[in-house]
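Have a look at the structure below, then the notes.
The values are calculated or read from the model by the stated rules, or taken from the named source; none is laboratory data. These figures come from a predicted structure and were not determined experimentally. Because the Cβ atoms are built from the backbone with ideal geometry, glycine has one as well, and the counts that use them run over all protein chains shown. To get the accessible areas, we keep the full protein, side chains included, count just its heavy atoms, and leave off ligands, DNA and RNA. Shrake-Rupley method; radii C 1.70, N 1.55, O 1.52, S 1.80 Å.
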Amino acid sequence: MGKFILLFTILLCSITINAQETGSLLLKCKVKQSFQPIEGLKVEVFQDTLCREGITQTDGKVLFKDLKSGLAKIIFLFENHVEEQEVFIQVNQLFQYTVWLDSSNLKLQQLSASHFQNSIDGKSEMNLINQTKIQPVHNVIGATNSSMQQFDEVMIVAYNMPLINTDYGAQSQIITREDIAKTPVRSSTKMATTLGGVYFDEDEAALSFRGARENANHYFVDGVKILGSSQLPKSYIGEITVFNGSIPANYGDVTGGVISIESKSIQMKRVSDYKTQSLASVSGSFLDFDLHGTETFNYDEFLPIYENEFLSPLNHPNATFGLDVDQAAWEYLKYSVKTGKTIQRDAIKLEEMINAFQYKNVVVPESELFNVELSRSECSWNNTNELVTIHLKAKEFPIDSIRKPHNFVFLLDVSGSMNSSNRLPLIVEGLYNFVDDLKPNDRVAIVTYSGQSGVVLESTSCENKKVILNALSSLTAGGSTNGIGGIKEAYHQAELNFDPAFNNRIILATDGDFNVGINSPDDLENYIAEKRGQGIYLTALGVGMGNYKSSTLETLAKRGDGNHFYIQFLEDLDDVLSNTGNLINIASDVKLNVEFNPRLVSNYRLIGYENRLLKPEDFTDDSKDGGELGYGHYVTAVFEIEKGEATSVDNHFVKQRPRFGTSQLAHVKLRYKPFEDSISVQRDYQLFNNQPKEDIELLKLVIALGLELRDSAFKGDLTKDVLLLQAKNFVARTEREVELKKLILKLYDHD
């Protein structure tokens, strides 16, 4: 009996350990001013009551593995300096990000006041000190029951008025973050004019303070005096304080007005629903570095990427994910390199870069909607590993077929941020050309949004193209961005004119900057998910750079049965809209399930598709969202595998029995709903271990570029020099391949 109890206890412990869902965290700590890694920095990771400690190495990196899924508090300690952040750990994935620390803070203890006690003479004295830099400072004069502490020295690094105010005559007003979000103007200069006594001189293009001398006004950003006027966009600003009159002493000898701008805090935010593919935050690090290492500001936002880890086929027999053909990351990267703009790590989406190219000529049988071919090839960044690639091709639109009529709703952002020539004017010109090519039985409605949403044109037959074209030509940009109001109205118009015999689709064009209404990706996701599965599809066209919100557009496309494209030139828009597959779906809820033989594969890693992962049971659940594919689409999924027999941390009570043949390397299952059907079909494919390896240089070059740009923890032996040599030896055969080679040479060839 005792042996049975012991055996049962071991079994329960084993199941408990293996049921625990874990992920990893890789931090790189650097000095913001010099870009140098910080060695010897103590880092603590807190989860519930558990604490893990690590010390940064010479490259500034520290790795934490097997962290529980969920929120983790990160504490950075260096001498007397403390900083704190929160991140979200995801199952079977590694989250990597760089922490930029101010060198001036590395030796200074950050002090802020949290409690006060009235002294005998009525003056307030500070009591409890030593909070982190990122905590707000509160003026809480009048707190009682606090014992006094003696300090040799106290340094006040920040305060809310009037904690210290030696200039009692100073006049000031504060514009809070909530006020900023509601204002239609977009710059700190224009927002300052909403206060009394402050005017904008159109002739001088400068602020004028009542009673102040000309050119005596100054801007301070986070306490630092800057030259000229501040052109910071609204998305950067957390709070504005305007001093008009006597100026506090800490602003030096300023004799005019002061506009003090406090940047918006950047915090890791968890989403409302913690799924495997859920996201911890929006990446939008304002302070970044351009291609030459120069400090710069970047306001583009991307969903954070948690890279997939290597998994054992014994413990994780199913790799399940949805497919799509988004290529926005490749287009964004091209333009960033061309203009020398900052490239954020989370802008590099491996699957979108991979899907920008075609690697194999896959023939689709007449009786099928898709065909899949599997290949093996060498892995150039880990010589002991292999790549297993899934090449999927959708059938082309039949030449002799008549396409179904279009029922389009053009949803156009006409807010102030869309005013530049590569935004609204570009979109209008592209749609003008597009409408001109539509057929008489197609229909178009136009909805716009800025501060308010409105219907510019109700659904109109393309027999009256002149009416549609005139409506497009009349559009102008200005105001704030009530994006969610526009989306609701667009769906309302699409539903009013819905016809199952038509291709019902919303075409959204925006920079993604929603600053009125729902504006966080998780809230937006909850709303847009309610609309999927109703036969109304969505194409999201992202435009602009410097305030581009890929996070918003990716969420819309992912949850709205749609696709997402980045547009920088008119030719880009023409290419997207002229591709039948981008506008007419051939299948929905397209999913892949891949299983590797544990006798031949010890570990595997899916490259990309981090935000498309599904649970194994979701594969056969037709209510679970996959991806949408159109006619002629070509999709590629790549696994890096470690050859050898898999071993498991499981004991023999929970070890799984392999069901593979001795020569079968992988088993791939494709599942999708054809056209508008509600019932899925499934196709199975096999890859054998004796299948010859192919030399797919293009594929290896694209992946290597993405791994290097992300500075991925999984890039193995890859370096910039290795990538450059690989690019120089690559023979480009198409125009896009030539672009790829030139891009790499521009990035890394400095001879």
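Tell me, yes or no, whether region 564-572 has at least one residue that is open to solvent by 10 Å² or more (accessible area, probe 1.4 Å), in contact with a Ser or Thr (Cβ under 8 Å, 6 or more places away or on another chain), modelled with pLDDT of 90 or more and farther than 25 Å from Asp677 by Cα. Looking for residues that are open to solvent by 10 Å² or more (accessible area, probe 1.4 Å), in contact with a Ser or Thr (Cβ under 8 Å, 6 or more places away or on another chain), modelled with pLDDT of 90 or more and farther than 25 Å from Asp677 by Cα, one finds at least one in region 564-572, hence yes. Against the conditions (1) on the phi > 0 side of the Ramachandran plot; (2) out of contact with any Pro (no Cβ under 9 Å at 6 or more places or on another chain); (3) not acidic (Asp, Glu), Leu570 satisfies every one except (1).
Contact annotation: residue pairs with Cβ atoms under 9 Å, 6 or more positions apart or on different chains, pairing a residue in region 25-53 that is aromatic (Phe, Trp, Tyr) with a partner that is not in a strand (DSSP E or B), are Phe35/Gly293. One residue stands out among those in region 450-501 that are open to solvent by 10 Å² or more (accessible area, probe 1.4 Å), in contact with a Pro (Cβ under 8 Å, 6 or more places away or on another chain) and at pLDDT 95 or above: the one that is farthest from Gly533 (Cα to Cα), which is Glu463. In region 329-352, which residues are touching a residue at least 60 places away in the same chain (Cβ under 8 Å) and β-branched (Val, Ile, Thr)? Across region 329-352, the qualifying residues are Val337, Thr339, Ile343, Ile348.
Residues that are crowded, with 19+ Cβ neighbours inside 10 Å, assigned to a strand (DSSP E or B) and out of contact with any Ser or Thr (no Cβ under 8 Å at 6 or more places or on another chain) do occur in region 349-372, at least one of them.
In region 578-596, the count of residues that are on the phi > 0 side of the Ramachandran plot and assigned to a strand (DSSP E or B) is one or more. Of all residues in region 536-551 being out of contact with any helix residue (DSSP H, G or I) (no Cβ under 7 Å at 6 or more places or on another chain) and part of a loop (DSSP other than H, G, I, E, B), which is surrounded by the most Cβ atoms within 10 Å (Cβ to Cβ)? Of everything passing the filter in region 536-551, Tyr548 is surrounded by the most Cβ atoms within 10 Å (Cβ to Cβ). Restricting attention to region 683-721 and to residues that are free of Cβ contacts under 8 Å to residues at least 60 places away in the same chain and under 32 Å from the mean Cα position of the chain (by Cα), the residue that is surrounded by the fewest Cβ atoms within 10 Å (Cβ to Cβ) turns out to be Asp721.
Of the residues making up region 390-412, those that are open to solvent by 30 Å² or more (accessible area, probe 1.4 Å) and in contact (Cβ under 8 Å) with a residue 40 or more places away in the chain number 5.
Screening the candidates Ser24, Ser34, Ser14 for the property of being surrounded by 12 or more Cβ atoms within 10 Å (Cβ to Cβ) and at pLDDT below 85 yields one hit, Ser14. Within region 330-348, the set of residues being closer than 30 Å to Phe397 by Cβ and either surrounded by 22 or more Cβ atoms within 10 Å (Cβ to Cβ) or not hydroxyl-bearing (Ser, Thr, Tyr) (or both) comprises Trp330, Glu331, Tyr332, Leu333, Lys334.
Does Thr384 satisfy being of a type outside the set (Phe, Trp, Tyr), touching a residue at least 24 places away in the same chain (Cβ under 8 Å) and open to solvent by 20 Å² or more (accessible area, probe 1.4 Å)? Give the steps one after another, and end with the answer.
Working: of a type outside the set (Phe, Trp, Tyr): yes; touching a residue at least 24 places away in the same chain (Cβ under 8 Å): yes; open to solvent by 20 Å² or more (accessible area, probe 1.4 Å): yes.
Criteria met by Thr384.
Evaluated against (1) surrounded by fewer than 17 Cβ atoms within 10 Å (Cβ to Cβ); (2) at pLDDT 95 or above; (3) under 27 Å from Glu595 (Cβ atoms), Phe730 falls short on exactly one condition, (3). Annotation: Leu101 fulfils all but one of (1) touching a residue at least 40 places away in the same chain (Cβ under 8 Å); (2) under 19 Å from Asp346 (Cβ atoms); the unmet one is (2). For Leu303, the stated conditions hold: it is modelled with pLDDT under 95 and either more than 28 Å from Glu735 (Cα to Cα) or crowded, with 17+ Cβ neighbours inside 10 Å (or both).
Out of region 413-449, which residues are more than 26 Å from the chain's Cα centre (by Cα), of a type outside the set (Asp, Glu) and open to solvent by less than 50 Å² (accessible area, probe 1.4 Å)? Residues satisfying the conditions are Val428, Gly430, Leu431, Phe434, Val435, Leu438, Val444, Ala445, Ile446, Val447.
Contact map, region 567-582: first residue in contact (Cβ under 8 Å) with a residue 60 or more places away in the chain, second residue loosely packed, with under 15 Cβ neighbours inside 10 Å and part of a helix (DSSP H, G or I), Cβ cut-off under 6 Å, separation 6 or more or different chains; the map is empty.
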